């Protein structure tokens, strides 16, 4: 196990409908690099992950977004899934939590549909990023430039398009969190 992220706490913001591999693979990367990962969600208990639209595993929530404080974390990861970011962007506490990472200039990584929550947080104007292709217009309307690449880094923001991009995404987010 690497110690690249020793002493780093990383928040994973997700809820029901999170794409399982987009949560589990980045979490594994953080933990394999010596970091501590915590699942932050809209509710206590477990969340239901999906594999595309089919039910996958459940994951235990470490704390609710209402209880969480961005100041307690070194970085934020926003996994995708179609439903997950749609639920998150409708929750004012989740949106504020995301915005707080940008205000504090901390690393944020989002994959697939994850950037939808960034749109709601109002943090994309003037940025360049990638995502699942169907978000392209939403991101442009939020003032961002969309690119079709496996991983893109804009300052402290790391984004990727889809599960096939997870190897590049995980490597890049660990590097960014490590500083």
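Each reported figure results from applying straightforward, stated rules to the coordinates on display, with no laboratory input. Bear in mind that the values here come from a model prediction, so they are computed numbers and not experimental data. Methodologically, a virtual Cβ is constructed for each residue, glycine included, from the backbone with ideal geometry; neighbour enumeration extends over all protein chains shown.
Quick notes
- Sum of -39500 (n - 2.57) over DSSP H runs of 4+, divided by residues of the chain (222 nm, nearest 500): -9500 deg cm²/dmol
- Over the chain, the Kirkwood radius and the radius of gyration, each from Cα atoms, give a ratio Rg/Rh of 0.92.
- Cα-derived Rg over Rh, computed across region 19-64 with Rh taken as Kirkwood radius: 0.99
- Residue exposure proxy: 19, 25, ordered by other Cβ atoms within 10 angstrom of their Cβ from fewest to most, comes out as 25, 19.
- Enclosed volume per residue, in Å³, of the convex hull spanned by Cα atoms of region 87-179: 85 Å³
- Sorting 169, 102 from the fewest to the most surrounding beta carbons within 10 angstrom yields 102, 169.
- For 31, 22, the sequence from fewest to most other C-beta atoms within 10 Å is 31, 22.
- Relative contact order of region 9-178, pairs being alpha-carbon contacts under 8 Å that are 6 or more residues apart, as %: 21 percent
- The DSSP beta bridges internal to the chain are antiparallel in roughly 30% of cases.
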